[in-house]
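The values are calculated or read from the model by the stated rules, or taken from the named source; none is laboratory data. Only a predicted model underlies this, so the values are computations on that prediction, with no experimental measurement involved. Here Cβ is always computed from backbone atoms with ideal geometry, including for glycine, and neighbour counts include all displayed protein chains.
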Amino acid sequence: MRHLITHTAGFVYDIWNADIGRLMEKRGIPGIITCENAALALPLIFDPGDKWDYGINIDWVGKAVERVSGQRLGDYFAEHLFGPIGMNDTAFKLTSGHRARLSGMHARGADGALAPIPFEMPQEPEFEMGGGGLYGTAADYLAFERLFLDEGRADGGAQVVKPETVRLMAQNAIGELNVQLLKTAAPAYSNDAEFFPGMIKKWGLGFMISTAQVAGGRSPGSLAWAGLGNTYFWIDPAKGVAGVILMQLLPFADAKALAIFDRFEKAVYAALP
């Protein structure tokens, strides 16, 4: 389980691994975004603990949560996480009210222009993805981030996560291994992706951990990660700051989106007293 949570188990995504992409094509294995159980039938690319590589690990963690709890993942989240935090707009399935407020996905073409594209997570999936697939809002995600600035307490005062768990999640959990560049194998979905090239990055129990000060931005020990649609967040326990920006466009690690994110983060810190 620890290997899965830290992305050191040996699973990868075809977006950043051409070998697994070729195997999936040869065997007719569907992509993870289909939310079909067959999408999880992938081999390990390396022995657990040998390296860090981003992959379908958290989807397997979600399966484990379902097996232990006896609940569908969305129901477990609603009862134990979303409800206590007040994340009323976050779920795997869209209501009619959510759909009316939905921000559509866009793709950047060869000419640099953005155009809307069809993009929706299956609404009756075989499995609910632990590693993605939730719909939500920036306000909801900020409420989640604030748990890690307030020792696991929600705004209403409920103790959602134990303080010792919050501290454990923020510690390096991969030892001498480092988070590495994600080299694209599917340019339509992702560019090459690496946060803060040249900085050593670690992984905790759920987050990338930066190890150095970012000029004009986050502190050493800050937690972060991202979503495929150029959605990014960070949590800076040292400064008591968290932020999230959601842009809904492909491919991931878009240069213009990253530049906006950088300016956004620096503007937040510039406004601190």
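What to note about this one:
- Test: residue in region 253-273 that is touching a helix residue (DSSP H, G or I) at 6+ places or on another chain (Cβ under 8 Å), modelled with pLDDT of 95 or more, farther than 23 Å from residue 52 by Cα and surrounded by 15 or more Cβ atoms within 10 Å (Cβ to Cβ): no
- Residue within region 109-119 that is surrounded by 18 or more Cβ atoms within 10 Å (Cβ to Cβ) and among the charged types (D, E, K, R) present: no
- Test for residue 145: is it farther than 24 Å from residue 233 by Cβ, surrounded by 14 or more Cβ atoms within 10 Å (Cβ to Cβ) and not polar (S, T, N, Q): no
- As a summary of the residue check, residue 85 satisfies the conditions (1) buried (at least 18 other Cβ atoms within 10 Å of the Cβ); (2) touching a strand residue (DSSP E or B) at 6+ places or on another chain (Cβ under 6 Å) except for the one numbered (2).
- With respect to the conditions (1) in a loop (DSSP other than H, G, I, E, B); (2) touching a residue at least 40 places away in the same chain (Cβ under 8 Å), residue 245 lacks only one, and its number is (1).
- Tally, over region 132-175, of residues that are assigned to a loop (DSSP other than H, G, I, E, B) and either more than 27 Å from residue 31 (Cβ to Cβ) or modelled with pLDDT under 95 (or both): 21
- Evaluation of residue 71 against (1) in contact with a helix residue (DSSP H, G or I) (Cβ under 8 Å, 6 or more places away or on another chain); (2) assigned to a loop (DSSP other than H, G, I, E, B); (3) touching a residue at least 24 places away in the same chain (Cβ under 8 Å) (one fails), failing number: (3)
- Whichever residue in region 220-252 is polar (S, T, N, Q) and farther than 17 Å from residue 186 by Cβ and, among such residues, is surrounded by the most Cβ atoms within 10 Å (Cβ to Cβ): 222
- Yes/no for residue 136 being exposed (fewer than 15 other Cβ atoms within 10 Å of the Cβ) and either in contact (Cβ under 8 Å) with a residue 24 or more places away in the chain or under 19 Å from the mean Cα position of the chain (by Cα) (or both): no
- Residues of region 46-68 satisfying the condition of being over 16 Å from residue 174 (Cα atoms) and assigned to a loop (DSSP other than H, G, I, E, B): 56
- Output for region 199-242, where each listed residue is under 27 Å from residue 112 (Cα atoms), in a strand (DSSP E or B) and of a type in the set (Gly, Ala, Ser): 226, 227
- Subset of region 22-43 (residues that are free of Cβ contacts under 8 Å to residues at least 60 places away in the same chain and part of a helix (DSSP H, G or I)): 22, 23, 24, 25, 26, 27, 38, 39
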